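What follows is one structure encoded as structure tokens, with my remarks underneath.
The values are calculated or read from the model by the stated rules, or taken from the named source; none is laboratory data. All values derive from a computational prediction rather than experimental measurement. Here Cβ is always computed from backbone atoms with ideal geometry, including for glycine, and neighbour counts include all displayed protein chains. What goes into the accessible areas is simple: the full protein's heavy atoms, side chains included, and nothing from ligands, DNA or RNA. Shrake-Rupley method; radii C 1.70, N 1.55, O 1.52, S 1.80 Å.
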Amino acid sequence: MSADDTDAIAKSEIVFIMTEEKKALLPYGTSPSFPAIEVTYTAEWDGHLAGKARDTITARAEEIKTDYSELSQLAKDTEFVNAIEKRFEVQVGKDYYVYERERGLKFLSIIAPHEWTVATQPHQYHGWFRLSPDGTWIRNPE
């Protein structure tokens, strides 16, 4: 086989490869048995994906908003209870109740609202709290 024959074979392979690559880009089948290639309308699908993404982002934003609100309330409650004078050592995991005397002094107590007598009942009840291990005061639902 001569060098010219080898060059001719290499050139025909290159032409074949290029033709195969071009065939993949054609908008129609290249053989009678191949179906025509039709580009479908994708704007509807794009709209669906955009809506799905919007819903996901909106849901996540609502979660963040709720988390922020809960964290903000935790900070307010912790600041509120920490500002109260305590006449005993508080313990993690125990329930404490915040009351206010008629003179406006707030105090922390281990006595629940239903355990007071009518004569000893403080002027105002401000809530039921529990000290967590991280030092925050968690308001318990009533």
Does the stretch 59-104 hold any residues that are touching a residue at least 12 places away in the same chain (Cβ under 8 Å) and more than 24 Å from Pro133 (Cβ to Cβ), and which are they? Tyr99, Glu100, Arg101, Glu102
Breaking point among (1) of a type in the set (Val, Ile, Thr); (2) touching an Asp or Glu at 6+ places or on another chain (Cβ under 8 Å); (3) closer than 16 Å to Glu89 by Cα, for Ile138: (3)
Look at Glu62 and say whether it is assigned to a helix (DSSP H, G or I) and either aromatic (Phe, Trp, Tyr) or open to solvent by 90 Å² or more (accessible area, probe 1.4 Å) (or both). yes
The residue that is most open to solvent (accessible area, probe 1.4 Å), considering only those in the stretch 110-127 that are hydrophobic (A, V, I, L, M, F, W, C) and in contact (Cβ under 8 Å) with a residue 12 or more places away in the chain, is Ile110
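For the stretch 101-110, enumerate the residues that are assigned to a loop (DSSP other than H, G, I, E, B) and either at pLDDT 95 or above or at negative phi (or both).
Arg101, Glu102, Arg103, Leu105, Ile110
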Can you name every residue in the stretch 85-142 that is among the hydroxyl-bearing types (Ser, Thr, Tyr) and touching a helix residue (DSSP H, G or I) at 6+ places or on another chain (Cβ under 7 Å)? Tyr97, Tyr125, Thr136
Selection within the stretch 111-142 - among the β-branched types (Val, Ile, Thr) and over 37 Å from the mean Cα position of the chain (by Cα): Ile111, Thr117, Val118, Thr120
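Tally time: how many residues in the stretch 128-142 are without any contact (Cβ under 8 Å) to a residue 40 or more places away in the chain and of a type in the set (Lys, Arg)?
Quick first cut of the stretch 128-142, residues without any contact (Cβ under 8 Å) to a residue 40 or more places away in the chain only: 128, 130, 134, 141-142.
If we keep only those that are of a type in the set (Lys, Arg) as well, we get 130.
Adding up the residues that qualify gives 1.
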Quick one: in the stretch 65-100, of everything that is of a type in the set (Gly, Ala, Ser) and either in contact with a Leu (Cβ under 9 Å, 6 or more places away or on another chain) or not in a helix (DSSP H, G or I) (or both), which residue is most open to solvent (accessible area, probe 1.4 Å)? Ala83
